[in-house]
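Chemist: Here's a structure for you.
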There are 2 protein chains.
Amino acid sequence: MQPDIAIVASLIGETTRARMLTALMGGKALTATELAVEADITAQTASSHLSKLVTGQLLIVRKQGRHKYFQLKGPKIAALLETLLNISTDIASTRPAVTTGPADPRLRAARVCYDHLAGELSVKLFDSLIVKKLIIQEAEQVQLTAQGQDFFADMGASIAPSKSKRPLCKSCLDWSERRSHLAGITGQWILNDLFKQGWAHKDLDSRIVQFSQRGLRLFRKKYAIEG
Amino acid sequence: MQPDIAIVASLIGETTRARMLTALMGGKALTATELAVEADITAQTASSHLSKLVTGQLLIVRKQGRHKYFQLKGPKIAALLETLLNISTDIASTRPAVTTGPADPRLRAARVCYDHLAGELSVKLFDSLIVKKLIIQEAEQVQLTAQGQDFFADMGASIAPSKSKRPLCKSCLDWSERRSHLAGITGQWILNDLFKQGWAHKDLDSRIVQFSQRGLRLFRKKYAIEG
DNA sequence: TCAATACTTCGACCGACAGCGTAGTATTAA
DNA sequence: TTAATACTACGCTGTCGGTCGAAGTATTGA
């Protein structure tokens, strides 16, 4: 009668699979072996987990030669994982702090969150967009202002609304900064633009976004982020 | 380094606990025995599960005499469960339909979804609010129009914004109707108002919202819902 | 054709944990 | 005080499922 929450949750609720899913939040499709390495298990075990995740509809798989590329099935799944991540962070922080240990500073600075930018820099970006009135925030909803639409259009961004059901802008709670950053189509465009301009590249084995000196300077200038 | 998604997900990812959590989505606090009955297990097992859910920060507990009342820890948790419910529904519907079985028609008609109204009637309500331009919907975001604010204010609704971080309006995908209905503070107010006016009452052992003949008529009139 | 790589299937092991029976401790009611 | 109710602690059992080794199937490249 009621859809079974438990089957989806139990798919995520296993350490190894959770690690794989988190790795895939980078948005990039990964092969079975890459995911096996990521989760630190053998290929056989990985294969078993991945088939479960695919039949469980959390992942989709694309076969290419002798490789199989896995990725999150869609934004809904990504959103679910983000929500889980946020709640887990909340919980972890209110628990007798055992291992609050300082995370990798580069990871704190800038990283990929599914398909948009997260970390310190992204929070500053968010603030700057607010100050420049390119976006407005009400409660948990974020919207592009007319100025904002012009701003992005001028840079050649094709972020048409209504194309999909996905919102143009969406605030996403940053689990390292505990503040909002920008998700949604616009957030995605900004990240892609970063890479296209060559201002930064994504580390292969992690979610770290590594800026070049020049890239960081130009990025800050473009979005008026104080140094 | 990274908060562990798996521990939260695994708490939900067990059939019995999932049933308890779903039962608590009614928003009402329930005692341990009530939850044990709901999940069809003994009191001992229920006790064990509930203590896990409390230490896992998904539930809070209030002791009252020899009873212990459990409820979801907050709207975030409720939102997580809703998201899971939606995704599970999606998945269930695209799977070789084994048990699409017709749910309890009363449950389909009107039920409680955490703290707001769900089901056929709620979808019609949502449509009507759109038509009357009391709310507007863009992508997945919903907002109260000026007219809408007046409308609810005239009825004595104290739905002030910015009070909490919770949005005034929020669309919530209905798992029986597969369409949007209204959540958020306004959605909550509407449900409470329903009960206060005596137009409907909530079944004790389920999430069914049972309208009286008169209540249904007045409700439809108030929100201009076609019969 | 042969070798190397990528992934899957099968079978076995084993640890984790849901479930319950028994026996407790609070709290209420008579 | 006694009895009943609500919940909890402990120990046991049975099962589910994650893990890997070994063997097998596809795909690529030489």
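The values are calculated or read from the model by the stated rules, or taken from the named source; none is laboratory data. Because the structure is predicted, anything quoted here is derived from the model rather than measured. Heads up, the Cβs are rebuilt from the backbone with ideal geometry, glycines too, and the neighbour counts pull from every protein chain shown.
Chemist: Examine the range B:157-168 for a residue that is crowded, with 21+ Cβ neighbours inside 10 Å and modelled with pLDDT of 70 or more, and state whether such a residue exists.
Modeler: yes
Chemist: Follow-up question, since we're still on this one. Which condition from (1) more than 10 Å from DNA strand D (Cβ to nearest atom); (2) away from chain B (no Cβ under 14 Å); (3) out of contact with any His (no Cβ under 8 Å at 6 or more places or on another chain) is the one that A:THR31 breaks?
Modeler: (3)
Chemist: Before we move on, is B:THR16 at pLDDT 90 or above, closer than 20 Å to A:GLY56 by Cβ, surrounded by fewer than 20 Cβ atoms within 10 Å (Cβ to Cβ) and within 21 Å of the chain's Cα centre (by Cα)? Write out each step before concluding.
Modeler: Values: at pLDDT 90 or above: yes; closer than 20 Å to A:GLY56 by Cβ: yes; surrounded by fewer than 20 Cβ atoms within 10 Å (Cβ to Cβ): yes; within 21 Å of the chain's Cα centre (by Cα): yes.
Yes.
Chemist: Please state which of the following conditions B:GLU38 fails to meet, knowing it meets all the rest: (1) part of a helix (DSSP H, G or I); (2) at pLDDT 90 or above; (3) within 14 Å of chain A (Cβ to nearest Cβ).
Modeler: In the conditions (1) part of a helix (DSSP H, G or I); (2) at pLDDT 90 or above; (3) within 14 Å of chain A (Cβ to nearest Cβ), B:GLU38 misses (2) alone.
Chemist: Residues in the range B:11-31: is at least one over 25 Å from B:ALA118 (Cα atoms) and either in a helix (DSSP H, G or I) or more than 16 Å from DNA strand C (Cβ to nearest atom) (or both)?
Modeler: Scanning the range B:11-31 turns up at least one residue that is over 25 Å from B:ALA118 (Cα atoms) and either in a helix (DSSP H, G or I) or more than 16 Å from DNA strand C (Cβ to nearest atom) (or both).
Chemist: While we're on this one: Consider the range B:63-90. How many of its residues are within 12 Å of the chain's Cα centre (by Cα) and under 13 Å from B:ASP115 (Cα atoms)?
Modeler: Residues flagged as within 12 Å of the chain's Cα centre (by Cα) and under 13 Å from B:ASP115 (Cα atoms) within the range B:63-90 amount to 7.
Chemist: On to the next question. Report yes if B:LEU182 is hydrophobic (A, V, I, L, M, F, W, C), at pLDDT 75 or above and assigned to a strand (DSSP E or B), otherwise no. Full working, then the answer.
Modeler: On the way: hydrophobic (A, V, I, L, M, F, W, C): yes; at pLDDT 75 or above: yes; assigned to a strand (DSSP E or B): yes.
Against the criterion (hydrophobic (A, V, I, L, M, F, W, C), at pLDDT 75 or above and assigned to a strand (DSSP E or B)), B:LEU182 qualifies.
Chemist: Kindly provide the set of residues from the range A:32-60 that are more than 10 Å from DNA strand C (Cβ to nearest atom) and exposed (fewer than 15 other Cβ atoms within 10 Å of the Cβ), ordered by number. Don't jump to the end; show me each part of the working.
Modeler: Of the residues in the range A:32-60, the ones more than 10 Å from DNA strand C (Cβ to nearest atom) are A:38-41, A:52-53, A:55-60.
Within the range A:32-60, A:ASP40, A:THR55 qualify.
Chemist: Kindly indicate which of B:THR45, B:THR83 is within 12 Å of another protein chain (Cβ to nearest Cβ) and not hydrophobic (A, V, I, L, M, F, W, C).
Modeler: Result: B:THR83 is the single residue among B:THR45, B:THR83 that is within 12 Å of another protein chain (Cβ to nearest Cβ) and not hydrophobic (A, V, I, L, M, F, W, C).
Chemist: Provide a single number: the residues in the range B:68-86 that are under 19 Å from B:LEU30 (Cα atoms) and in contact with a Pro (Cβ under 8 Å, 6 or more places away or on another chain).
Modeler: The total comes to 0.
Chemist: Within the range A:78-91, identify whether any single residue is part of a loop (DSSP other than H, G, I, E, B) and either at pLDDT 85 or above or of a type in the set (Val, Ile, Thr) (or both), and answer yes or no.
Modeler: First, the residues of the range A:78-91 that are part of a loop (DSSP other than H, G, I, E, B): none.
Within the range A:78-91 (the criterion being part of a loop (DSSP other than H, G, I, E, B) and either at pLDDT 85 or above or of a type in the set (Val, Ile, Thr) (or both)), the answer is no, since none of the residues qualifies.
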